[in-house]
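Here is the structure we will look at.
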Amino acid sequence: MNGETEKKLLDQTRVYQSSLLGNSVPIVELRGIIRQVAPTDVTVLITGESGSGKEVVANEIYKQSSRQNKPFIIVNCGAIPEGIIESELFGHIKGSFTGATENRKGYFEAANNGTILLDEIGELPLQTQVKFLRVIENGEYIKVGGTRSEKVDVRIIAATNKNLEQLIAANSFREDLYYRLRSINIVIPPLRERKDDIKILFDHFVKQFTERNSVEFMGVSAEAMNYIINYNWPGNVRQLKNFIESLLTLNRDKIIDEKDVLAQLSIPKAEIMPAGVNGFNKQDERQLLFGALFELKRDIMDIKHQLNSFDDAKHRAEPEDGFFISDDKIDSITYNEFEQELLTYYFNKYNGNINRIADKLKISNRTLYRKFKQYGLKNGKYN
Ligand SMILES: Nc1ncnc2c1ncn2[C@@H]1O[C@H](COP(=O)(O)OP(=O)(O)OP(=O)(O)O)[C@@H](O)[C@H]1O
Ligand SMILES: [Mg+2]
């Protein structure tokens, strides 16, 4: 490892101040899981939306493990160009490719006896996934250009905000690696599903920001707080933190009210309604309504297809090259059996190509993917 690499590794070995805050039921449960998992060496997969706290959880695991005084290396797989990722992870031998002017240590070697967090694991190229699986299985890898198998003792944590099952369906993530990683999967719910944490996080970020920046905080009105709690925070805790920093910077020496909050979030008032008795807001209501409408649309499409096919089938004496339900089945077939027949037909016809079939049937890729799973139609792909 040269000096520059060493510095890069040090940069990535961050020392954390913030621990996992929150008192909602999911966070309390999460702390319990972390307590159980941390002292072991098991590989952990952390999933959750962007900004929901995956790195914070990984750091908690590290801090509570027996490896707490050993290196903690964070590698963002999405930020390393595909061509050099193996050399970055596993190191290389001098002369193994143009530019390899000296032997180089990889992240795994640098993390020996410690912990490595592979962030954005969904971005790992397929051929590197095979090698990664081998390290998880037995701690062994071969350097780029090397012939000898190297051995490391590293606790592995992987994280992603992607749906790995979808990546598998699109043939960009290995199923065996997914099953290996999934055995301990810590799922962090989005902030909007744990509104009880918002006030605690708000107070924490306000304190942190005012202390670091000598900015005075005069308080926030109850109504403004209600808006903050009921916003749906698509960027989760990171967005809340950034929001607080801008809010406090732009509204000094005053009590922050709802107008300030709405202006900062750049949304019209009607978009968020303060929680009613049941904590239900306009956004939730709208999302539910959209969901219901989509369902309805889908059902209508399904029925239309069903009617068309019944019609066709009745007028056809012989099966042709197309979807066909035989006369003896037509009177007894259930809706689900019909749907299964239809999807199986298209699955075979279009070789499991989700995009094409969804387009043909005028339903969403998501719905189709879900239905393929439901009917055991495996290895659907997007292209
Ligand atoms: N429960 C929490 N308590 C305290 N701080 C938190 C919590 N969750 C997240 N944060 C803070 O929010 C920010 C985003 O968290 P983090 O980087 O862990 O998210 P992430 O899930 O890894 O996001 P990404 O998918 O974008 O990598 C960080 O500043 C982190 O310190
Ligand atoms: Mg992260």
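The values are calculated or read from the model by the stated rules, or taken from the named source; none is laboratory data. Quick caveat: nothing in here was measured; it's all calculated off a predicted structure. In this analysis, Cβ positions are derived from the backbone assuming ideal geometry, glycine residues included, and neighbour counts consider all displayed protein chains.
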Can you work out which of the residues in the range 63-87 that are buried (at least 20 other Cβ atoms within 10 Å of the Cβ) and charged (D, E, K, R) is modelled with the highest pLDDT? R67
For the condition in contact (Cβ under 8 Å) with a residue 24 or more places away in the chain, in contact with a helix residue (DSSP H, G or I) (Cβ under 9 Å, 6 or more places away or on another chain) and within 16 Å of ligand 1 (Cβ to nearest atom), what is the one hit in E109, E150, E137, E120? E120
Give the residue, chosen from I244, I255, that is surrounded by 20 or more Cβ atoms within 10 Å (Cβ to Cβ), more than 21 Å from the chain's Cα centre (by Cα) and over 17 Å from E193 (Cα atoms). I244
All but one of (1) away from ligand 2 (no atom under 16 Å from the Cβ); (2) surrounded by 14 or more Cβ atoms within 10 Å (Cβ to Cβ); (3) small (G, A, S) hold for G122; state the number of the condition that does not hold. (1)
Run I200 past the list (1) surrounded by fewer than 16 Cβ atoms within 10 Å (Cβ to Cβ); (2) outside the structural domain of V261 (by TED's automatic domain parsing); (3) in contact (Cβ under 8 Å) with a residue 60 or more places away in the chain and report the number of the one that doesn't hold. (2)
Residues being out of contact with any strand residue (DSSP E or B) (no Cβ under 7 Å at 6 or more places or on another chain), touching a residue at least 40 places away in the same chain (Cβ under 8 Å), not in a loop (DSSP other than H, G, I, E, B) and not aliphatic (A, V, I, L, M) - total across the range 19-50: 1
Given (1) surrounded by 19 or more Cβ atoms within 10 Å (Cβ to Cβ); (2) closer than 23 Å to L30 by Cα; (3) out of contact with any Ser or Thr (no Cβ under 6 Å at 6 or more places or on another chain), index of the condition N236 fails: (3)
